[in-house]
Ligand SMILES: *Cc1c(COP(=O)(O)O)cnc(C)c1O
């Protein structure tokens, strides 16, 4: 049969997450305490995270068992997800390249973020936590965590970047349907939020500020913990369910890709997608040269223009210092439609691998990415998230390059989410109103 979609049986869902830390070409630089600047210990993180997730954060074990309750929840929200062949896109581009995409848009909240939200809610629940607090930009992470909290009977408190809270209300409504409490950040309910509002009552907010508020909330409320949707090792670990499914699916059709592509905000979908394959390369189990391309917006060019150094994860400086490519913790990116890509830093392991040359990075502007999204919607029938459009733009460029060289290049990319709640961006694009 013509490859249309490559499916896995429910029983074939990977039963372990893959941890890249033991396979890294050198040891990950330690997280530093925000005040003492000494390497932090697992104990230092206990105010914010449950013990099991801290253990995963520092674990050197290559594989970590996925609890049965988590597997069941994964299956319920749509795992294993299909791998599609983009035949219509190939025809449209008239390219000899073969293009495949992993469909993380099919989960209930429309993105890959449920993969870690479910795991984090589960571990907090079994450690007796009652409330999870977090931040969200456009709302993909907040809606995934709200869903996961409702699945495991936890309370969810979300600090949502103020500009999105008012201008992009639909994901806020989803969070509220799942029973979450959602506050526009900066908010009146934390000291840090009140301080910022006093200086500027119309502050649009940022992810960095919302993280500071969520952390302050957790420190002041008993039985509450903090939950982060990207960047940290344990988040990337949970996302490797994606890449391990991809390995099995590629095995079924007996191909090894030439290029793997994904968009990068904090790095979780891209890492989760490529790490299982990259791990094979690091362990010298395959010797084919595979290129891994991380794609980001020109307005928040963390890998392509950032500096590799220690920086805070939030604006107030409450988080540990992480060694990463960063634009500075007080960087406030312009309000582009790909809200999920507006983070000043990136996951430390991804930054290390980029620094060592295992990964390439490139950046595109909003016009280019929405044009790519329109081509994808027209040819493949799926409206991609603006974040995912970044990956699609790189896929199109790689496929056109293959055409020029008459190469039968195999391209696999991660469709991190759908754009059905991001139509304002598409509307602005179609009406020519998109700021550069
Ligand atoms: C959040 C989000 C991203 C960016 O986050 P990463 O941690 O880099 O994956 C990308 N795509 C979608 C659809 C998202 O919701």
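Quick note: the coordinates plus some simple rules give every number you see, no bench work behind them. Computed from a prediction, not measured in an experiment: that's the story for all the values here. Cβ atoms come from the backbone with ideal geometry, glycine included; neighbour counts cover every protein chain shown.
Values computed for the structure shown
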| read-out | value |
| --- | --- |
| Mean projected area in nm² (Cα convex hull; one quarter of hull surface) for the chain | 19.4 nm² |
| Length added when fully stretched, residue 126-residue 106, from 0.36 nm per residue minus Cα-Cα | 4.5 nm |
| With Cα atoms, 0 to 90° folded angle of helix 207-220 axis to the chain main axis | 40 degrees |
| Under 20 Å from the residue 38 label point (7 Å along Cα→beta-carbon), backbone N, region 49-69 | 58 |
| Modelled FRET efficiency - R0 45 Å, residue 330 with residue 11, Cβ distances, 0.05 increments | 0.40 |
| Fraction of alpha-carbon pairs over 17 Å apart in region 215-283 - percent | 52 percent |
| Listed peptides 84-96, 305-317 by packing density, highest first (mean Cβ within 10 Å) | 305-317, 84-96 |
| 10 °C / 1.306 mPa s Stokes-Einstein diffusion coefficient of region 249-331, Kirkwood radius on C-alpha pairs, µm²/s | 107 µm²/s |
| Taking only Cα atoms of region 165-247, radius of gyration then Dmax in Å | 15.8, 52 |
| Degrees between helix 268-282 axis and first principal axis of the chain (Cα, 0 to 90, nearest 10) | 60 degrees |
| Per-pair calculated FRET efficiency, R0 = 25 Å: residue 62 and residue 251 via Cβ, rounded to 0.05 | 0.85 |
| Fully extended contour minus Cα-Cα distance, from residue 407 to residue 170, at 0.36 nm per residue | 81.0 nm |
| Rg [Å, one decimal], Dmax [Å, integer] - region 109-193, C-alpha atoms | 12.2, 37 |
| Semi-axes of the equivalent ellipsoid for region 299-436, Cα gyration tensor, largest first, Å | 28, 21, 12 |
| Residue with peak Gaussian network fluctuation, the chain [Cα springs, cutoff 10 Å], from 139, 357, 417 | 357 |
| Principal axis dimensions, region 62-153 - Cα atoms, whole angstrom, descending | 56, 31, 24 |
| From the C-alpha gyration tensor of region 60-108, square roots of 5λ in Å | 33, 15, 6 |
| Crossing angle, helix 140-151 versus the chain [Cα axis fit, 0-90 degrees, rounded to tens] | 70 degrees |
| Of every Cα-Cα pair in region 1-143, the percent that sits beyond 23 Å | 54 percent |
| MRE, 222 nm, helices only [DSSP H, n ≥ 4, -39500 (n - 2.57), over the chain, to nearest 500] | -12500 deg cm²/dmol |
| Over region 146-209, volume per residue of the alpha carbon convex hull, in Å³ | 78 Å³ |
| log10 of Debye I(q)/I(0), alpha-carbon scatterers only, for region 390-434 at 0.18, 0.21, 0.27 Å⁻¹ | -0.70, -0.79, -0.93 |
| For region 309-363: rounded, prolate or oblate by the Cα gyration tensor [a/c cutoff 1.5] | oblate |
| Centroid-to-centroid separation of region 359-436 and region 1-79 [C-alpha atoms, Å] | 29 Å |
| Most mobile listed residue (68, 135, 380) in the chain, GNM with C-alpha springs under 10 Å | 68 |
| Equivalent ellipsoid dimensions for region 122-264 as semi-axes, Å, which come from the Cα gyration tensor, largest first | 32, 19, 14 |
| Residue 367 paired with residue 188, simple spin-label distance in nm, labels 7 Å along Cα-to-beta-carbon | 4.3 nm |
